[in-house]
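Notes follow once the structure below has been shown.
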Amino acid sequence: MNSFNTIFNIQVFGASHGPLVGVTLDHVPAGIAIQTSDFLPDLARRKGGQKGGTPRVEEDIPQIVSGYFNGYTTGAPLTILFENNNTRSEAYTKQRDVYRPGHADFVAHEKFGGFEDYRGGGHFSARLTTGIVAAGVIAKKILGSITFEALVTEAGGLQDIDAALEKAIAAKDSIGGIVSCTIKHVPVGWGEPFWDSIESRMAQAMFSIPAVKGIEFGSGFAAARMMGSEHNDAYLDINGHTRTNHAGGIIGGISNGNDLSFRLAFKPTASTPKEQQTFNQATQQVEPFSVKGRHDLCVALRAPVIVEAMAALVLVDLMMLHKARI
């Protein structure tokens, strides 16, 4: 439930309003130079506080408590912690009896028999992506010259992000968005047929990001409306260069040397101030309900760096699997 990858294993732990959240990485190569400042740019991209983001802002200073000595990774499991200091749990206690629409309240209650930590979404919260972003920093260091760029290309159905946010603010509601990711300089040959194809592993990782509802690679769903001769990426030379990149850099589940490209659909933030109708366990009635607390207007806005981190974690594992073959 909390672990991912085959060799380069990642585990996440903690809860939104618990004392901390964190991550443990196994099989991190020894001798990687890291310092606190390495993490801060990506962690800042994930933070709230910006337009459309949650007002909850944590300091997010990484505490490396294992697998690190004298400025370098040791080869032992690397564990990084982040304290939760800016929590307000009262609102969640007051609405405990209500199943919040779009949230995991009902399924968590049923699955864990009422023992789940419901404050701020508990272990289901996007707060746990803090550790994933930190792990992504390590993964990017291991991958070296491979570069990642994820961007919000659409919000609320509009390419003008500011206009989309203003529209949502006026409606007192939340919106979703599209995040596009391009990864350059991936060597030819990474990925495996079928279960460990790049698409399979990337899709599993991306769907683990809270609020992701769809993914497409290369031309994606548009390929269904194309002719085969139109979609095929014709080869230009012995090195495998192609005239187009409709496949998104992946053929047969394996990287072909082109840029890896994919897009993700993020649903509207489930927590919205707009009044809704939902079931109250205490009264056994469907009643008016409005979410209280601090929430993102559009969760996609803080997602690009999380997407990059997840992609880097997948690629390190596929790189290690590839090296194990040769």
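Residue count for region 302-319, restricted to those that are assigned to a helix (DSSP H, G or I), under 25 Å from Ser271 (Cα atoms) and open to solvent by less than 10 Å² (accessible area, probe 1.4 Å): 4.
Condition check ((1) open to solvent by 40 Å² or more (accessible area, probe 1.4 Å); (2) within 21 Å of the chain's Cα centre (by Cα); (3) over 29 Å from Arg119 (Cβ atoms)) across all residues:
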position	(1), (2), (3)
Ser271	no, yes, no
Thr278	no, no, no
Gln281	yes, no, no
Phe289	no, no, no
Leu321	no, no, yes
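Here is the figure for region 237-256: residues that are modelled with pLDDT of 95 or more and open to solvent by 40 Å² or more (accessible area, probe 1.4 Å) total 7.
Number of residues in region 167-190 that are of a type in the set (Lys, Arg) and in contact (Cβ under 8 Å) with a residue 12 or more places away in the chain equals 2.
Restricting region 83-101 to residues that are at pLDDT 75 or above and of a type in the set (S, T, N, Q) leaves a set whose member that is most open to solvent (accessible area, probe 1.4 Å) is Asn85. The residues listed here are Ala203, Ala164; of these, the one that is outside any loop (DSSP other than H, G, I, E, B), free of Cβ contacts under 8 Å to residues at least 60 places away in the same chain and open to solvent by less than 50 Å² (accessible area, probe 1.4 Å) is Ala203. Residues that are touching a helix residue (DSSP H, G or I) at 6+ places or on another chain (Cβ under 6 Å) and more than 15 Å from Thr130 (Cβ to Cβ) were ranked within region 7-27; the one that is least open to solvent (accessible area, probe 1.4 Å) is Phe8.
A quick yes/no check of all residues on (1) part of a loop (DSSP other than H, G, I, E, B); (2) of a type in the set (S, T, N, Q); (3) touching a strand residue (DSSP E or B) at 6+ places or on another chain (Cβ under 9 Å):
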| site | (1), (2), (3) |
| --- | --- |
| Gly248 | yes, no, yes |
| Asn258 | yes, yes, yes |
| Ala300 | no, no, yes |
| Lys323 | no, no, no |
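Looking across region 206-236, the residues that are surrounded by 13 or more Cβ atoms within 10 Å (Cβ to Cβ) and either among the basic types (Lys, Arg) or assigned to a loop (DSSP other than H, G, I, E, B) (or both) come down to Ser208, Ile209, Pro210, Ala211, Gly218, Ser219, Asn232, Asp233.
Looking only at residues that are within 26 Å of Ser271 (Cβ to Cβ) and of a type in the set (Ser, Thr, Tyr) in region 12-62, which one is modelled with the lowest pLDDT? The selected residue is Thr54.
The values are calculated or read from the model by the stated rules, or taken from the named source; none is laboratory data. Just so it is clear, the model here is predicted, and its values are computed rather than measured. Quick reminder, even Gly has a Cβ in these numbers, built from the backbone with ideal geometry, and neighbours come from all protein chains shown. Heads up: the accessible areas ignore ligands, DNA and RNA and are worked out on the full protein's heavy atoms, side chains in. Shrake-Rupley method; radii C 1.70, N 1.55, O 1.52, S 1.80 Å.
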